[in-house]
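Each remark here refers to the structure printed beneath this line.
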Amino acid sequence: MFKKIAVFSMTPLFPELALGGAQKQLKKVALHLGQLGHQVTILCTRRPDAMTPFKWHKNVEILPVLRFKQPYPEPYFTPLYHIANAIRAVGAAIAEADVHYSHDGGLIFPYVYQDKPTVISQRSILFAETLQSALLFQGDEWILPSEHTRASYEAVVGQFAPAVGERMQAIHNGFDWRRFRYTKPEALFQVIPPETADHPIMLFPHRPEPAKGIDQVIQVAALLKRDYGWADLRVLAPLWLDADAEPSQRDYYARLRSQISDAGLADTFVFHDWINDKLIAEYYSLADVTLCIGSYVETFGNTPFESLGCGTPPILSRVGPYRDLLPDEHIDRVDYGDIEAAAAIAHKILSESRRASPATIRYLKAEFSQDAMVGAYADIILGARKKPPLRYRAPKLTGDTRYQLAPWCYFSSARGLYHDFRGDFQADAELIRTVQAHPAGFSGLLVDAEQLRFWLDEGYITPLLGR
């Protein structure tokens with residue numbers, strides 16, 4: 001039996017362009033459902049350059065009708081009536097559908113979907129509206145892209161809704177490895193200066209957020225040029241869609257270019273238009289190394305996988321799911337902020353002209369299959385059934401409460417305890433000793449009450465409340 005599926009997307013959507021990894025995954029899932037014969041209607045935020053309805057497939061229609069604020073962040077920073085109109089439009093679409101799927105969270109009004117089976121996929125662990133929708137969660141199924149994200153949300157929301165973990169499932173992103181493979185750059189040179197191909201190339205294929213690591217990339221490039229002799233290095237970085245139109249973006253890029261010039265790298269960095277889906281494989285294939293060394297806490301992070309599939313080795317910071325999504329034999333990692341280590345690895349990759357190994361490509365194809373991903377999403381969306389509302393409570397911490405290291409922290413023998421959301425290392429010997437001695441959790445009675453409160457308030461530990 002074919003179903004009508006109403007989808008909510010806070011992020012604008014385009015026929016070919018994708019503003020980020022979450023939108024790429026939405027398109028894959030929607031196309032799969034449409035190809036199965038289901039009718040998919042996606043309501044998304046509109047922009048001045050994205051106001052016309054279009055289709056990804058005859059059964060997948062995109063309606064850019066929502067008037068949330070653009071550009072991000074703070075989409076709800078918009079007139080009250082825009083929010084009311086959005087609630088009404090989404091509510092009407094859900095009322096006509098058999099099931100509702102909310103992609104990337106953002107819909108913070110549970111009453112809109114209270115009468116229909118609802119599947120919610122949180123694709124961020126940072127944006128305010130996503131966190132709000134998580135803490136107000138009343139969906140029937142909850143999809144997370146990684147165990148890091150699932151564990152983080154359960155550690156928080158589970159304090160207030162103990163049964164929420166029963167509705168959570170981690171489904172890794174999957175990729176079409178027929179697309180993400182080495183592709184000789186040709187059409188790409190309509191966007192990238194052709195002479196760039198004559199240089200060693202490092203990619204920074206991210207949107208312009210400091211947490212994505214642009215400052216670290218500048219430092220790595222400076223080290224490569226000064227200490228390793230890579231005077232002809234080029235760093236490619238895409239311009240965000242609003243780089244010329246939005247005042248804050250213009251100011252950002254002006255400051256960035258000044259910083260790059262002060263570092264003596266004006267000729268090293270090449271800014272270019274945003275790369276669409278048709279050119280992305282050529283883009284990765286052109287490069288020699290891709291840098292993902294910021295402090296940004298991804299929920300999955302497509303970039304290193306796409307880069308590897310096209311043969312280009314990435315370097316990752318040990319932040320969020322980047323710590324464990326790929327085995328060590330397939331990836332290079334550094335502690336966040338270790339510029340010297342990142343530069344040394346980049347130098348080695350460049351010197352060896354290293355490409356992703358056949359073993360790595362086989363691993364990617366086996367473990368991160370697009371067919372497996374969209375099949376898992378379809379099973380959950382099509383099989384969703386209305387469940388009783390989650391019961392929330394006000395938790396109490398007592399002397400018997402046990403605690404564990406928060407899932408967003410990890411221990412580095414060289415630098416101490418890293419905290420994903422603080423983006424720094426803590427050299428607290430007592431904290432490190434306690435969590436290492438009690439990996440399964442420890443009683444709050446084992447440590448000084450004031451010290452325990454500090455660890456809890458700063459997010460280094462989380463309470464185990466019946467989980």
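No value in this document is a laboratory result; all are computed from the given coordinates. Computed from a predicted structure; not experimentally measured. Cβ: placed from backbone, ideal geometry, glycine included. Neighbour counts: every protein chain shown.
Rounded to the nearest 20, the size of the Cβ-charge dipole of the range 335-426 about its Cα centre is 620 debye, with Lys and Arg at +1 and Asp and Glu at -1. Packing here is the average count of other Cβ atoms within 10 Å per residue, and on that basis the peptides 64-76, 296-308, highest first, run 296-308, 64-76. Counting 0.36 nm for each residue step from Glu367 to Val65 and taking away their Cα separation leaves a gain of 105.0 nm. Taking label positions 7 Å along the Cα-Cβ direction at both Tyr392 and Gln436, the computed distance is 4.0 nm, reported to one decimal.
Dipole magnitude for the chain: about 1460 debye, using +1 per Lys or Arg Cβ and -1 per Asp or Glu Cβ, origin at the Cα centre. Of interest is the spacing of the C-alpha centroids, which for the range 7-74 and the range 334-355 amounts to 37 Å. Simple point charges give the picture: +1 on the Cβ of Lys and Arg, -1 on the Cβ of Asp and Glu, and for the range 228-335 a dipole about the Cα centre of about 160 debye. Charged neighbours of Pro79, selected by a Cβ distance under 12 Å, balance to +2 (K, R count +1; D, E count -1). The antiparallel fraction among DSSP beta bridges confined to the chain stands at about 30%. Normalised by the number of residues in the chain, the mean separation of alpha-carbon contacts (under 8 Å, six or more apart) gives a relative contact order of 15 percent. Highest average first, the peptides 279-289, 217-227 ordered by how many other beta carbon atoms sit within 10 Å of their residues are 279-289, 217-227. The calculated 222 nm mean residue ellipticity attributable to helices in the chain amounts to -10000 deg cm²/dmol, summing -39500 (n - 2.57) over DSSP H runs of n ≥ 4 and dividing by all residues. Taking label positions 7 Å along the Cα-Cβ direction at both Arg453 and Phe421, the computed distance is 2.0 nm, reported to one decimal. All Cα-Cα distances of the range 6-152, cut into 5 Å bins from zero to the largest, leave 2, 10, 20, 25, 23, 15, 5, 1 percent in each bin in turn. Among the listed pairs Lys28/Lys58; Lys58/Lys386; Lys3/Lys55; Lys3/Lys27; Lys4/Lys27, give every one whose C-alpha distance is greater than 21 Å. Result: Lys58/Lys386 exceed 21 Å. Please work out the FRET efficiency for the pair Gln35 and Arg181, using the Cβ-Cβ distance as r and a Förster radius of 30 Å; give the result to the nearest 0.05. The formula returns an efficiency of 0.85 here.
Going by a ≥ b ≥ c, the root eigenvalues of the Cα gyration tensor, does the chain fall in the rounded group (a/c under 1.5), the prolate group (a/b larger than b/c) or the oblate group? Oblate, because a/c is 1.5 or more while a/b does not exceed b/c. In the range 187-367, the C-alpha radius of gyration followed by the widest Cα-Cα span (Dmax) gives 15.5, 46 angstrom.
Here the relative contact order of the range 1-55, from alpha carbon pairs under 8 Å that lie six or more residues apart, stands at 55 percent.
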